[in-house]
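Trainee: Just passing along the structure, written as structure tokens.
The values are calculated or read from the model by the stated rules, or taken from the named source; none is laboratory data. Note that the structure is predicted; figures quoted are calculated from it, not measured. Here the Cβ positions follow ideal geometry from the backbone for every residue, glycine too, while neighbour counts run over all protein chains shown. The protein model used for the area step is the full one, side chains on, heavy atoms only, and it has no ligands, DNA or RNA in it. Shrake-Rupley method; radii C 1.70, N 1.55, O 1.52, S 1.80 Å.
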Amino acid sequence: MVRIPTNIKSLTRKELTQKVHQTLPQLSYQQSKQLVDEFVEEILSAFTRGEDVKLRGFGTFHIRDKRARIGRNPKTLEDAIITARRVVTFKAAPKFVAIVNGTPYDDTADTDEE
């Protein structure tokens, strides 16, 4: 079972590289760094092509188009135009949600949806 720490901390690319290097000691640190960099670049490339990114057991990243709209500055209460833009949304896989909540996960019901 994976333990989720109670103190919030960010996992950096450097720490991820170190974890890959520890898990795959046959790779040099430089090769581990290259693997992590290429993984991130492939995800970014998929987004630029307008594709979703699905990581089984983790979740799905979606690109969503948001239309232009009128918003309001909460401090001055003045109307302001919010331009159209693309945003990335994330839907966590059931396994991910179970780990975060510290509840058991039944992987026999695992589907390929996420």
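Trainee: Tell me the carbon and sulfur percent of the accessible area for the chain, rounded to whole percent, probe radius 1.4 Å.
Mentor: 56 percent
Trainee: Report the full-extension gain for the segment THR60 to LEU35: residue separation times 0.36 nm, less the Cα-Cα distance, to one decimal in nm.
Mentor: 6.9 nm
Trainee: Under a 1.4 Å probe, what is the accessible area of the chain per residue, stated in Å²?
Mentor: About 82 Å² of surface per residue is accessible.
Trainee: In debye, nearest 20, what is the charge dipole magnitude of the chain about its Cα centre with +1 on Lys and Arg Cβ and -1 on Asp and Glu Cβ, if you could check?
Mentor: Its charge dipole is roughly 620 debye.
Trainee: Give me the dipole magnitude in Debye, nearest 20, for the range 48-114 about the Cα centre, with unit charges on the beta carbon: positive for Lys and Arg, negative for Asp and Glu.
Mentor: I would put it at about 600 debye.
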